[in-house]
1. In square nanometres, what is one fourth of the surface area of the convex hull spanned by the alpha carbons of segment B:135-267?
2. Any idea what the dipole of segment B:3-266 comes to, in debye rounded to 20, about its Cα centre with Lys/Arg Cβ at +1 and Asp/Glu Cβ at -1?
3. Read phi for every residue in segment A:37-54 and hand back ³J(HN,Hα) as whole Hz from Karplus 6.51 cos²θ - 1.76 cosθ + 1.60, θ = phi - 60°, with x for Gly and Pro.
4. Summing +1 for each Lys or Arg and -1 for each Asp or Glu, what net charge is found among the other residues whose Cβ lies under 9 Å from the Cβ of A:Val383?
5. Select from A:Pro67, A:Gly32, A:Tyr56 the residue farthest towards the positive end of the dipole of segment A:1-68; place +1 on Cβ of Lys and Arg, -1 on Cβ of Asp and Glu, and compute about the Cα centre.
6. Of the residues B:Ser178, B:Ser67, B:Ser13, which exhibits the maximal mean-square fluctuation in a Gaussian network model of chain B defined by a 10 Å Cα contact cut-off?
7. Can you tell me what share of the DSSP beta bridges in the protein assembly as shown is antiparallel? A percent to the nearest 5 is fine.
8. Based on DSSP H runs of at least 4 residues, each adding -39500 (n - 2.57), what is the mean residue ellipticity at 222 nm of chain A after dividing by all its residues, to the nearest 500 deg cm²/dmol?
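The values are calculated or read from the model by the stated rules, or taken from the named source; none is laboratory data. Source: prediction; values computed, not measured. Cβ atoms come from the backbone with ideal geometry, glycine included; neighbour counts cover every protein chain shown. Heads up: the accessible areas ignore ligands, DNA and RNA and are worked out on the full protein's heavy atoms, side chains in. Shrake-Rupley method; radii C 1.70, N 1.55, O 1.52, S 1.80 Å.
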Amino acid sequence: MSEELQSLKAMPDEQGHFGPYGGRFVPETLFGPIEELCAAYERYRNDPEFIAELEYDLKQFVGRPSPLYFAERWSRKLGGARIYLKREDLNHTGAHKVNNTVGQALLAKRMGKTRIIAETGAGQHGVASATVAARMGLECVVYMGAEDIKRQAINVYRMRLLGATVVPVTSGSQTLKDALNEAMRDWVTHIDDTFYIIGTVAGPHPYPAMVRDFQTIVGREARAQCLEQEGRLPAAVIACVGGGSNAIGIFHPFLDDREVRLIGVEGGGDGVASGRHAAPLSAGRPGVLHGNRTYLMEDEDGQIMETHSISAGLDYPGVGPEHAWLKDMGRAEYTAITDTEALTAFHDLTRTEGIMPALESSHALAEAMKLAPTLSADQFIVVNLSGRGDKDIHTVAALEGISV
Amino acid sequence: MSRIATRFSALRSAGRKALIPFVTAGDPNPTITVPLMHAMVAAGADLIELGVPFSDPMADGPVIQRSAERALAQKVGLRQLLAMVAEFRHQDSETPVILMGYLNPIEAMGAATFAKAAAEAGVDGVLTVDLPPEEGGTMAEVCHAADLDQIFLIGPTTMDRRIQSICDHASGFVYYVSFKGVTGASHLDTADVASHVAQIRAHTTLPVGVGFGIKDGATAAAVAQFADAVVVGSAIVARIEALAATPERIPAEIGTFIGELRTAIDS
């Protein structure tokens, strides 16, 4: 079999399956809308005008390409491999999320939709959706768990400033998973004029593939920057995994570079052994939620469990189906970092490099702190710094007993 | 012939339409469900649809979501539900019982184990809301092996060629979802529903049930003009919610409401 036929990048199949994962597990009322979306995406993904407009927006509105920054002082301090940071925190709105919302909003416009909806946990995807909606003059409704609204007041206000309506979700655990359920219900009720921008690589096909495609700009840039700055590929690429969009975005262009280790880091909360965590790949089992088959945190009756992570962006009981497949294939490794370890990395990078990472990204950084010293100084690794930490300063301050 | 087919055949001979109430098993507590099922049958229900509580019911509106939350708070899951059906069967061997729920609790039990246990408990059909036929190979096999009917939804946005494919996979009856939205929303355009039901009949000889948005005798009677079965869910569950503090009143009061629906459908 030729190299090309064996490519791991060829997934999913036409029905959105990554091996046994993914698919379209949706109520019949959603089947029409996802088929319409699929057809539109297939039509535009290779359309030169669409691509040109997307590239323009990524450059002029988002500010791409983002740098691949050599964290020299931090690397020296840790010893071992040199650490590079892919600076998604420097994007407009402060995280990788906007790469996807820009893409989906362009698609929404071409499909003639006038209203966009989104779910959000920490608020980053909600802000990124409200931002593109404001720019394009689209109505925007963001569903957010009532618990998350309390935890993320600043992002709620940002969304409102951008003209979005933020709807508190009071069902279930009142967090991200429930916001996703509510957004699905809105979509099924308003399918004629509404486009649902899912923020991560989960949901029914085509979302996992489409969101990934919009996020692979991160990995394509990073791979080229490695070759340009170091003349070769890194020993490892590390990214945090909640739903998994920043991780798949940076992993995917490296999938066929088998010598590059791909390490996904889940929210370990109080520790995987404690049961209070958000690490379905580390400690869950396959099931079906939100339109796709993937690893889930569920109880023995198949009810979805509440998750625990210091980082709202990792606080999700499922994970993108492509990650489930990469785990089973052994192509990517998945591990978990506790809240405490992530906080240590947050402070360490902030003090050593003058870069304040998001708590989500701090999980990937904490894994780098473990890995780098085990490697030699002539090796280098890449960490996806998926977002900036400004949104988290209240969380960090509260843990230290400081009122900001 | 399955219990569902037998029941529809008898109704057709009698020139009557089926009334199918929906309740969530274990709402508001596990002891009320079986007496409630008997009360609904006594008041004129022809088939019973039992909701399987799930933590993330994405096709349901707030009324049915809250009923699932009440049941889950009482630790009612698929296992407890099957025990309720088995208990119901001690006194009623004729009224078909259909489970309506989501795939994950079934998979957590194991699809084959579930199908066998459900058939043994006396379940007749399964409607798995988030399992389209395209993804349902395993469920189709295990349901077929256990003689369980598989009921599928058809919606207003379902294209003609998909209607055919769904009907090819369906048994028992097919269930038309009467509008774009979740359970419990309130608008119902009966002329539009009638034309969709006619469209479905061009693809299948199975009975066609209509649900979502039927909230009283008038809407039930209107739908019964052209459908073989009328499914009433949120209107019942909302009444159960209102009586949650006095659960002992639920069987009688829901029975009265079923009686009103029955009279309206038959008139």
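1. One quarter of the hull surface, i.e. the mean projection, equals 9.5 nm².
2. In total the dipole reaches around 300 debye.
3. For segment A:37-54, the Karplus curve yields 5, 4, 4, 5, 5, 4, 5, 9, 4, 10, 7, x, 5, 4, 4, 5, 5, 4 Hz.
4. With Lys, Arg at +1 and Asp, Glu at -1, the neighbours total 0.
5. Farthest towards the positive end: A:Pro67.
6. Evaluated over chain B, the most mobile residue of the options is B:Ser13.
7. Of those bridges, close to 20 percent are antiparallel.
8. Roughly -13000 deg cm²/dmol at 222 nm, from the helical runs in chain A.
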